[in-house]
Amino acid sequence: MSDDFETIAIDEARALGEGLLSAAGYSKDHARTITDCVVRAQMDECHSHGLYRLISCLELIERGKVDPAATPVVEDRAPAIVRVDARRGVSLSAFEAGLPVIAEKARHCGLAALAINNCFHFSALWPEVERIADQGLVAIAVTVSHAWVAPAGGSRPVFGTNPFAFAWPRPGKHPFVFDFATSAIARGDIELHRRMKTPLPEGTAINADGKPTTDPDKAVDGAMLTFGAHKGSALSTMIELLAGPLIGDLTSAESMAFDDGAKVTPFHGELIIALDPASFMGQAARDNLKRGETLFDAIEGQGARLPSARRYRARARNTRAGVMPVRKNVLDELRLRAA
Ligand code: NDP
Ligand code: PYC
C-alpha cells in the first residue's frame with residue numbers, strides 16, 4: 001500500500017458515512033443507501049466513487065440543491081416499464097425502490113426498463129447492474145452527467161462522462177460486469193489528480209485553446225475527451241438520448257445549466273434495462289448461460305483478464321481483512337468534518 005493511503009475498518013467507515021450524512025440532514029434511507037454504495041465501492045478499491053463521494057453528498061446539502069429527505073415515488077408506467085421519481089433526492093434510494101419492480105417485470109415480460117428521474121447522481125453503476133445479475137438477470141445501465149466532454153472532432157464540452165454498465169449472471173460465480181465512463185477518464189479521477197497535484201494520462205483532455213493537456217486544472221478549464229475517438233463519441237451521444245429525452249430527463253448540458261455554477265453532483269435521470277434469460281431461452285437457459293463460460297475461458301485462457309476481476313479480488317482481500325485502503329487526504333477531510 002502506498003504512503004498516500006491508510007486503512008479504515010469497514011464498520012468504522014459505515015459508521016462514519018451514516019453519521020456524517022445523518023448529521024448533515026439526510027434521511028435514514030438516504031444515509032443508509034449512500035453509505036452502503038460508497039463503502040462497497042471503497043471495498044472494491046474504486047477510489048473515484050468510494051468514500052470520497054461522501055464529500056460531494058455533503059456539498060449537495062451545503063449548496064442547497066438536494067432534498068435530503070426526498071421519498072422516491074414509484075410509478076407503474078407499462079407492463080415492462082417502471083419509473084421512479086427521485087424527487088430531487090440522490091438516485092440510490094430511487095434505485096432501491098425500483099429494483100424489485102424491474103426484476104418482477106423482467107421475469108413476467110422477458111425484459112423490462114427502470115427509468116429513474118429527477119435525481120442527483122454521483123455513483124458508479126456496477127453496484128446496480130451487479131444487484132440485478134445476482135437475481136439471474138442480464139442488466140444494462142446508462143446515465144449522463146455534466147457537460148464536460150468534447151465530441152470527437154470538436155473542442156467544446158457537450159457530453160457528460162456518461163457511464164455504460166453491463167452485467168451477465170454466471171452460475172456459482174460473481175457476474176461478468178463492466179462499467180466505464182465513455183470519456184477517456186472519469187471526472188472523479190480528474191478531481192483526485194487535482195487534489196494530489198499529479199498529471200493526467202496523455203490523451204484524456206484538452207485545454208481552453210483546444211490543445212492536448214495533462215494538467216488537471218487546465219483540463220477543467222478546457223474539455224475532457226471521449227475514449228475511442230468517434231466510437232466513444234457515438235456511444236456517449238446514445239447515452240445522452242437514452243438517459244435524457246427518452247425518459248423525459250435532462251441531458252448533460254441541461255444538467256450543467258441546472259447546476260448554475262454550484263459545481264455539485266449532476267442532476268438528471270438514469271435508464272436501467274433487465275433481460276430474463278429464462279424468458280428468452282426457456283429450458284435451455286441454464287445450458288446457454290454456461291456457453292458464456294466458454295467465452296470467458298477463451299479470454300482468460302490467453303492471460304487476459306475479465307473486467308471486474310480486479311474489483312472482485314480487492315473485495316475478497318478487504319472482506320477477509322475487515323479493513324480497506326482509503327486515500328489519506330480523503331479520510332482526513334471526512335474525519336475533520338465528523339469531529
Ligand atoms: P475504469 O477505466 O477504471 O474501468 C472500466 C472497466 O474496465 C471496469 O469494469 C474495469 O474492471 C475494466 N478494466 C480495467 N482495466 C481492465 C483490463 N486491463 N482488462 C479488462 N478489464 C479492465 O472505469 P472508468 O474510470 O471509466 O469509470 C469508473 C467509474 O466511474 C465507473 O464505475 C462509472 O460508473 C463511474 N462513473 C459514474 C458517472 C456518473 O455519472 N454517475 C460518470 C462517469 C463514471 P475493474 O474495475 O475490475 O478494474
Ligand atoms: O466520475 O465522471 C465521473 C462522475 C460524474 C458523476 C459522478 N461521477
For residue 92, state whether it is away from ligand 1 (no atom under 15 Å from the Cβ), in contact (Cβ under 8 Å) with a residue 60 or more places away in the chain and surrounded by 22 or more Cβ atoms within 10 Å (Cβ to Cβ).
no
So, first residue in contact (Cβ under 8 Å) with a residue 12 or more places away in the chain in segment 295-307, second residue part of a helix (DSSP H, G or I), Cβ within less than 8 Å, six or more apart or across chains; the pairs are 306/296; 306/299; 306/300
Before we move on, is residue 147 surrounded by 22 or more Cβ atoms within 10 Å (Cβ to Cβ), under 23 Å from residue 314 (Cβ atoms) and more than 8 Å from ligand 1 (Cβ to nearest atom)?
no
Selected residue (only one of 178, 166 is under 16 Å from the mean Cα position of the chain (by Cα), touching a residue at least 24 places away in the same chain (Cβ under 8 Å), surrounded by fewer than 20 Cβ atoms within 10 Å (Cβ to Cβ) and within 11 Å of ligand 1 (Cβ to nearest atom))
178
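Matching residues to (1) under 30 Å from residue 326 (Cβ atoms); (2) surrounded by fewer than 21 Cβ atoms within 10 Å (Cβ to Cβ); (3) of a type outside the set (Val, Ile, Thr); (4) outside the structural domain of residue 333 (by TED's automatic domain parsing):
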| position | (1), (2), (3), (4) |
| --- | --- |
| 192 | yes, yes, yes, yes |
| 204 | yes, no, no, yes |
| 209 | no, yes, yes, yes |
| 221 | yes, yes, yes, yes |
| 249 | no, no, yes, yes |
Picking from 61, 116, the residue that is outside any strand (DSSP E or B) and either closer than 25 Å to residue 39 by Cβ or of a type in the set (Phe, Trp, Tyr) (or both) would be 61
Sole miss for residue 107 among (1) at pLDDT below 95; (2) more than 16 Å from ligand 1 (Cβ to nearest atom) is condition (1)
Identity of the residue in segment 181-194, touching a Lys or Arg at 6+ places or on another chain (Cβ under 8 Å) and hydrophobic (A, V, I, L, M, F, W, C), that ends up nearest to ligand 1 (Cβ to nearest atom)
181
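The values are calculated or read from the model by the stated rules, or taken from the named source; none is laboratory data. Please read these numbers as outputs of a predicted model, since none were measured by experiment. So basically every Cβ, Gly included, is an ideal-geometry build from the backbone, and we count neighbours across all protein chains shown.
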